[in-house]
Each structure stands twice: as C-alpha cells, then as structure tokens.
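The values are calculated or read from the model by the stated rules, or taken from the named source; none is laboratory data. Quantities reported herein were computed from a predicted structural model and do not represent experimental measurements. Cβ: placed from backbone, ideal geometry, glycine included. Neighbour counts: every protein chain shown.
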Amino acid sequence: MKLLQKNYFITLFIGLSLSFIMTFVIFNSQSESENYPITIERGDSLWKLADKFGSEKSKEAWINEVMALNNLHTAHIKAGDTLFIPNGSERIHHDYSTELAGVSR
C-alpha cells in the first residue's frame with residue numbers, strides 16, 4: 001500500500017487503464033445490441049434486405065434472426081410495415097465500374 005502512495009503515477013496509470021477498458025467494453029456492448037427500424041418499401045423482400053443490411057452471416061441465418069426479432073411467422077413482408085434490423089448497419093457496396101455520359105445503345 002505504501003508503494004502505491006509513494007508512486008502515485010502507478011495508481012494513476014492503473015485507474016486510467018481500468019477507465020479506458022470499461023469505456024471500451026460499454027460502448028461495444030451497446031452498439032451490438034441496438035436494433036434499427038426500417039420501413040418496408042414496395043418491392044422489398046427479406047432476401048433483398050439481407051443483401052443490403054446483412055452481415056457476415058449467411059442470408060438464411062440473417063433472415064431467421066430478423067424473423068425472430070420481429071415475431072414473423074413467414075418470410076412475407078408488405079410495404080409500409082416497420083421491421084427492426086439487427087445492428088442497424090447498412091453494408092456499403094463500392095461500384096468501381098465506369099459509366100460514360102452520352103447516348104446508351
């Protein structure tokens with residue numbers, strides 16, 4: 001105990017380290033548990049939503065998770081309904097193709 005009193009920087013280091021670790025754990029646990037509400041638009045299906053919002057899981061696993069989260073008994077959804085999407089993150093698809101302006105043939 002006297003070692004910590006004499007060397008206050010050790011106590012300060014330990015306290016700051018614990019604070020950083022706890023902050024990191026709290027923020028990561030909150031971001032994983034959030035569900036994001038979306039409104040279903042005409043032409044949407046769970047398969048299309050899995051392409052847009054899905055994670056590294058398979059499409060079937062993601063769809064089953066969404067169905068369980070929203071208490072759906074079938075995979076049929078209708079426009080205007082609100083669904084909760086796990087983790088609320090939309091995947092970003094980069095399109096590196098080239099489009100030229102002008103008349104298309």
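Summary table below
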| quantity | calculated |
| --- | --- |
| Test: residue in the stretch 15-34 that is surrounded by 11 or more Cβ atoms within 10 Å (Cβ to Cβ) and either in contact with a Phe, Trp or Tyr (Cβ under 8 Å, 6 or more places away or on another chain) or modelled with pLDDT of 80 or more (or both) | no |
| Close pairs (6 angstrom Cβ cut-off, 6 or more residues apart or separate chains): surrounded by 15 or more Cβ atoms within 10 Å (Cβ to Cβ) in the stretch 58-86, among the small types (G, A, S) anywhere | W62/A50; W62/G54; I63/A50 |
